[in-house]
1. Please state the relative contact order of the chain as a whole percent: Cα pairs under 8 Å, 6+ residues apart?
2. How far is helix 44-54 tilted off the main Cα axis of the chain, in degrees rounded to 10, range 0 to 90?
3. Work out the FRET efficiency for H121 and A291 from their Cβ-Cβ distance, taking R0 = 45 Å, and round it to the nearest 0.05.
4. Let's test the formula: R0 of 41 Å, r as the Cβ-Cβ distance of T135 and D250. What FRET efficiency results, to the nearest 0.05?
5. For the chain, find the longest principal axis of its Cα atoms and tell me its angle to the long axis of helix 78-88, 0 to 90°, nearest 10.
6. In nanometres, what is the gap between the two model label sites at A110 and L175, each 7 Å from Cα along Cα-to-Cβ?
7. Report, in listed order, any pair from K206/K330; K10/K206; K111/K247; K10/K82; K82/K113; K82/K143 with a Cα-Cα distance greater than 24 Å.
8. Starting from the Cα-Cα distance between A142 and S241, subtract it from 0.36 nm times their residue separation and give me the gain in nm to one decimal.
Amino acid sequence: MNESLTNFRKRCHDAALDLLWRQWCSLGVAGHSRPAESGTIIDPEALLLATTRIGKHDPRLFDECLDWLSQHASRLHLQRLKTLHADTGLGDPVVLAAIGDWLFSQGGQAKWKDFTKTDAHHIDPVPLFDNAIPTDPDPVFAKRGILRPAIRIRGMSRAPNPTLPPNLLLSLRALIGTSARAEVILCLATGPAAHPSEIARLTGYKARTMQLLLQEMALSGHVLTGETALQPKGKQGRGSSRRYHLKAADWQFLTDGAPLPRWISWPPLWSLVQTLLDVLPQPGQADKHPAIISSVLRDRLATDGEALAAAGLLPLLNLRSGATGQELLKSLEATVPGLLDSL
């Protein structure tokens, strides 16, 4: 057993679960955790997708999330949730479908009915929580081939505190509605001017949708393009080539004048963590050759490298061009757990 790789996985596992707890508790889940970092904004759709995979290792966290969703799932953007999952592969589709089934079964969560239409299920039943076979399986999850104890909601969750900086996305959604406009405002107000394709990558929407939305939002006079009114007619940039931006000071009323927390793209980071936990050996498993592990990780980084760079996270991983497989593993081992702890 390669103890270094096993220990690396445990450190990633513990740091990822701690980050999930911190972010969910910031949103109102009942639990004891240090606060989520005030400098970054929580992405609730990416958080839920990550929980469908990583949260399976902590039954209490998983069920407290269900408790929160039973009361506040209407705060989520379901189309964005589906798009993020389809485009990034983040999350477990069967667990996500079972959560949708359960929320629909609770009543008052009718918009989750679309999730019940998917055919995602396990042919052979599998346990949800670390190979634990329950004696009293939950019937809703069992229909998807997932074995877990019957769900018992405590009703201890609270509504997201709108004064906490990490909750800014949900606060803005409550103010202007659950649509892409909330993500666009926060992305542009907390970052540099960007093309529609860059904003789409950062926020998890389709590029064409983002281009049309930004053109419409620019008519308000608050989403700026950098083009002057004196520019000759016909010389304005094409919608796809314009860079859009906002004046951050115009939006600091959202935080009572304090600096806005930073918008980052969470899906590529959660996807990297998901891949690490999948490919690194667990205690009791057969050894995996480091070359195989590093090959899988290279593929993940090749897929999400641009997104990680756009989020400002790639430099924090300290990856060197042309690094060997062993060097890649050492760099990720030295940086990923600490990065998760810092966010």
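1. Details: 472 pairs, mean separation 75.9, N = 343.
With pairs under 8 Å counted, the relative contact order is 22 percent.
2. Helix 44-54 sits roughly 20 degrees off the main axis of the chain.
3. Details: r = 35 Å, r/R0 = 0.77.
Once the sixth-power term is evaluated, E becomes 0.80.
4. Details: r = 58 Å, r/R0 = 1.41.
According to the calculation, E is roughly 0.10.
5. The helix 78-88 is inclined about 80 degrees to the chain.
6. 3.0 nm
7. On the way: K206/K330 35 Å; K10/K206 35 Å; K111/K247 35 Å; K10/K82 30 Å; K82/K113 13 Å; K82/K143 21 Å.
K206/K330; K10/K206; K111/K247; K10/K82, as the Cα separations exceed 24 Å there.
8. Values: separation 99, 0.36 × 99 = 35.64 nm, distance 4.93 nm.
Fully extending the segment from A142 to S241 adds 30.7 nm.
FYI, it's all coordinate maths here, none of it is from the lab. Source: prediction; values computed, not measured. Cβ coordinates were reconstructed from backbone atoms using ideal geometry, including for glycine residues, and neighbour counts include every protein chain displayed.
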